[in-house]
Amino acid sequence: MGPRARALALAIAAWTLAGARADADACAAARRACERTVERAMGDDGALMRFVDDARTRARTATRGAAEAHALTLDAARERERSAEMFALGCCAMDGGCVEDVGTEAEKAAVRAVGADALFAAQAIEDAVKFPWAGTLGADARACARGRGCDAESAAAYEKSGNAGDELGKLRAGDAALRRYAAGLATRIGGEGAVEVCDASLGGDAGDAARARTLYKELLTSNAFDKVASERLREVTRLEELWIDPSKGGKPDMAYAMADALVKLTVRVSVALAVLAVSYVYRDSRWMGGLWRLVRTVLLFGIVIDTIARVRAFIKWLRWKPPVTNTRAARREEKRRERRKSGHHA
């Protein structure tokens, strides 16, 4: 395995590990929200405590299992649009006492999945708007149970909490947009075997990059997330560079390249005109006459050399062909090239 292949393998492994860390972080954040907010509120609300105790009692004696019993109770609460009851029982089922009521690991996993679905459903209920953390808790619980995804519903839940003042929700919404924007880059760089967090067809949308940048910029004034937001902004820039890097199969932004060339040309022309103006004003002095002739000669040579370099670069650009990554099309092209070589030798 060459240096390039090792670098790509390490990049893909880092990508996978980053996704796993994000899922673990979502689980930890959901548990903290349940402990610090929901369960604390339950302790001050006798009706909620009785609701959860009754649900646990029914689940212990249910013939079809605790998970189905909790799901039925939560469905009834959802029909009544009781978000507080769904948050209370959802937290209990995701990682609270409800999990301890069952024995096998399979039953515990089923109860946790029911709790996560309940928390995500609870944040969508109308009266949940009074809880700024609701969207973040629901989407984190869903990510904990199903893995970090790129679905629009989770992104909307995070953004709703962010707009309500929850900074963690705003950070998560930016991360969701960033994951969508990055989709497809792992395959482009590492080939078809690369691990993608999102569907590759979602990647490269400039709107996702702009949305992520906007959300991260809003967090630069945060005491808790300013450093994270600053690093994420640099990551947005790096991903944008990858998308337009021809060596990675990207499409250069011609408008940006032309604007950059125009700025450089303007600076060079301005400097040249300034030098010419100073030289012309003092052209009658003895030493300036020699300098004036030298400047004209240097400028003439510079213009000729620069013109030749630009013509060569333009010809090279016309002849450039994008490299083919390790895909089925690349392998077919390689086989055709080998057949042509063997036919030629024959």
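A short reminder: the numbers here are calculations on the coordinates, not readings from a lab. The shown structure was predicted, so the numbers you read here are calculated from the model rather than taken from an experiment. When we count neighbours, we look across all protein chains shown, and the Cβ atoms used for this are built from the backbone with ideal geometry, even at glycine.
A few notes on this one:
- Highest average first, the peptides 265-276, 135-146, 53-64 ordered by how many other beta carbon atoms sit within 10 Å of their residues are 135-146, 53-64, 265-276.
- Between Leu276 and Arg293, the simple label model (points 7 Å from Cα in the Cβ direction) yields a spacing of 2.0 nm.
- Other residues with beta-carbon under 12 Å from the beta-carbon of Glu235 carry, at +1 per Lys or Arg and -1 per Asp or Glu, a net charge of +1.
- Taking 0.36 nm per residue of sequence separation and removing the Cα-Cα distance, the Arg50/Glu192 pair yields an extension gain of 45.8 nm.
- Cα-based reach from Lys341 at 20 Å (exclusive), listing aspartates and glutamates while leaving out same-chain residues under 8 positions away: Glu333
- Averaged over residues, the count of other Cβ atoms within 10 Å places the peptides 36-47, 101-112, 155-166, 202-213 in the sequence 155-166, 202-213, 101-112, 36-47, highest first.
- Nitroxide proxy distance, nm - points 7 Å out along Cα→Cβ at Glu153 and Arg319: 5.6 nm
- Reachable lysines, given that their alpha-carbon falls under 25 Å from the alpha-carbon of Lys316 and they are not under 8 places away in the same chain: Lys248, Lys251, Lys264
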